[in-house]
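For reference, the structure is listed below as structure tokens.
The values are calculated or read from the model by the stated rules, or taken from the named source; none is laboratory data. The structure presented is a predicted model; accordingly, all values stated were derived computationally and were not measured. Backbone-built Cβ (ideal geometry, glycine too); neighbour counts: all protein chains shown.
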Amino acid sequence: MTYQSPISPGRSWYEDTAGPRPEYPALDGDRTCDVVIVGGGFTGLSAAAHLAKSGADVVLIETHRFGDGASGRNGGQLGTGQRAWAEELEAEYGFSRAKALFDLAEEAKAHLLDFAAAHQIEIDYMPGQMSVAHKKRYVDDYKAHAEIMASRFGYPHISFMDAAETAERLGSTHYFGGTRDTGTGHIHPLKLVIGTAKVAAGAGAKLFEQTPSTGITSGGGKVKVTTPKGTITAAKCLIGVNAYGGTLEPVSAAHIMPIGSFIGATVPLGADSKVLPGGEAVDDSRFVVRYFRKSKDGRLLFGGREIYAVNDPKDIHIHIRRQIAEIYPSLKDVEITHGWGGYVGITVPRKPFVREVMPNVISVGGYSGHGVMLSNFFGKLYAETVAGNRDRLKLIEDLKIPPFPGGRRLRAPLLFLALNWYALRDRI
């Protein structure tokens with residue numbers, strides 16, 4: 001069944017500041033290769049780059065253009081560790097496995113920055129990230145988290161902030177406290193997409209845009225990926241479409257749900273602005289997370305995962321400005337130059353989904369808002385798997401990821417109700 005993934009409304013600020021964006025041809029004709037990759041986001045392009053560098057014959061197809069999905073339209077925050085706090089993973093899996101998952105994520109962070117530096121990809125990296133509590137009763141958890149990260153997980157870069165320090169560093173009294181992480185930061189994601197594609201193509205990977213997959217089958221030791229104008233036959237296949245898979249592959253679709261995420265970019269706030277004077281990125285404690293940061297030219301990039309009926313980019317501006325004003329009342333009339341949306345792939349437990357969904361076909365996604373850092377590294381881990389070392393990817397494969405309840409017909413309405421319930425709880 002053909003699936004054309006929707007592109008949400010609004011041209012992003014990233015598109016207008018990424019610089020030259022090479023175009024790649026559409027596939028026209030049949031191909032045979034070692035590995036076929038479906039999806040040209042961080043996961044797929046990273047895998048293509050590492051596979052091609054190792055000598056594999058790689059073909060990658062993307063329905064739209066590289067960066068048109070979540071990889072080129074996200075909040076740009078790297079974070080630290082997995083989506084869940086390390087102590088939460090320890091409670092579920094024990095210390096040894098939680099530490100291994102944390103260390104893997106830390107390696108992912110280092111890999112992203114090292115990869116960009118090695119290939120001279122200017123990703124506009126800015127250091128620092130703050131996680132802040134929107135309810136007073138959460139503050140003690142943040143204080144304990146900073147202590148646990150240093151004492152148990154060997155990560156000394158997180159410090160606790162009381163209400164006064166939080167207000168000073170944010171330029172807002174809206175939050176009650178939180179943590180500051182000097183061991184991470186934020187980037188211009190579309191620049192990383194463009195740069196990774198160039199590395200992959202330069203290493204010999206065959207990259208095709210405007211080429212949707214119309215079906216994937218596996219049998220007789222071969223995988224066949226069909227497209228409107230040709231079939232790709234390969235020994236192995238990576239599915240890296242995350243939230244944009246639709247009905248392409250049923251196992252992934254049952255475990256990864258797309259939810260809307262919207263971002264606005266303001267005009268530059270000026271050198272005298274008290275908003276985020278240290279330049280850190282921010283995420284808050286809401287279940288329906290609000291995340292924001294300043295760009296290198298001083299714009300406030302503000303995002304929130306709210307499910308709106310957005311048919312016009314101007315609607316995004318209205319919703320985002322309202323949320324900005326809650327935190328920064330002085331910006332209630334700030335001009336928003338760009339408003340855009342996209343889809344985040346989430347799983348029920350907010351942990352990544354990695355599974356062999358049919359023989360020789362592995363699907364990777366469900367990063368649940370933590371994908372900038374993890375997805376690039378998972379592409380590398382997939383390349384390791386093709387080379388014969390599956391141990392590190394297996395650490396993620398073994399995570400228990402249940403399907404969303406309700407089946408194909410009811411899971412979207414049930415998720416909509418759940419998200420609205422959590423959004424209501426965020427306000428109480």
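Is there a residue in the stretch 133-145 that is touching a strand residue (DSSP E or B) at 6+ places or on another chain (Cβ under 8 Å), touching a residue at least 24 places away in the same chain (Cβ under 8 Å), surrounded by 15 or more Cβ atoms within 10 Å (Cβ to Cβ) and closer than 16 Å to G278 by Cβ? Checked the stretch 133-145: no residue is touching a strand residue (DSSP E or B) at 6+ places or on another chain (Cβ under 8 Å), touching a residue at least 24 places away in the same chain (Cβ under 8 Å), surrounded by 15 or more Cβ atoms within 10 Å (Cβ to Cβ) and closer than 16 Å to G278 by Cβ. Considering the conditions (1) modelled with pLDDT under 95; (2) over 29 Å from A150 (Cβ atoms), E62 is excluded by exactly one of them, (1). Just one of the listed residues (S213, S172, S218) is among the hydroxyl-bearing types (S, T, Y), under 25 Å from the mean Cα position of the chain (by Cα) and farther than 18 Å from R137 by Cα, and it is S213.
When T233, T227 are checked against the criterion of being in contact (Cβ under 8 Å) with a residue 12 or more places away in the chain, surrounded by fewer than 17 Cβ atoms within 10 Å (Cβ to Cβ), at negative phi and among the polar types (S, T, N, Q), T233 stands alone in meeting it. The number of residues in the stretch 224-246 being under 27 Å from the mean Cα position of the chain (by Cα) and under 23 Å from L381 (Cα atoms) comes to 11. Apart from one condition, S363 fits all of (1) within 17 Å of A98 (Cα to Cα); (2) touching a residue at least 40 places away in the same chain (Cβ under 8 Å); (3) not β-branched (V, I, T); the exception is (1). Annotation: F115 fulfils all but one of (1) in a helix (DSSP H, G or I); (2) more than 26 Å from S375 (Cβ to Cβ); the unmet one is (2).
Each row is one residue, and each column tells you yes or no for (1) touching a residue at least 12 places away in the same chain (Cβ under 8 Å); (2) touching a strand residue (DSSP E or B) at 6+ places or on another chain (Cβ under 9 Å); (3) farther than 19 Å from G40 by Cβ.
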residue: G204; (1), (2), (3): yes, yes, no
residue: F208; (1), (2), (3): yes, yes, no
residue: P212; (1), (2), (3): yes, yes, no
residue: E249; (1), (2), (3): yes, yes, no
residue: M257; (1), (2), (3): yes, yes, yes
residue: G270; (1), (2), (3): yes, no, yes
residue: A281; (1), (2), (3): yes, yes, yes
residue: K294; (1), (2), (3): yes, yes, yes
residue: R299; (1), (2), (3): yes, yes, yes
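Is it fair to say A47 is of a type outside the set (D, E), at pLDDT 95 or above and over 21 Å from V344 (Cα atoms)? The answer is no for A47. Residue check: is V225 of a type in the set (A, V, I, L, M), modelled with pLDDT of 95 or more and touching a strand residue (DSSP E or B) at 6+ places or on another chain (Cβ under 7 Å)? Yes. The residues of the stretch 172-202 that are over 17 Å from S46 (Cβ atoms) and either aliphatic (A, V, I, L, M) or buried (at least 18 other Cβ atoms within 10 Å of the Cβ) (or both), listed by number, are S172, Y175, F176, G177, G178, T179, R180, D181, T184, G185, H186.
Elements of the type helices (runs of 4 or more DSSP H) sitting completely within the stretch 1-102 and holding at least 1 residues that are farther than 23 Å from H338 by Cβ, of a type outside the set (S, T, N, Q) and free of Cβ contacts under 8 Å to residues at least 12 places away in the same chain: these cover 86-93.
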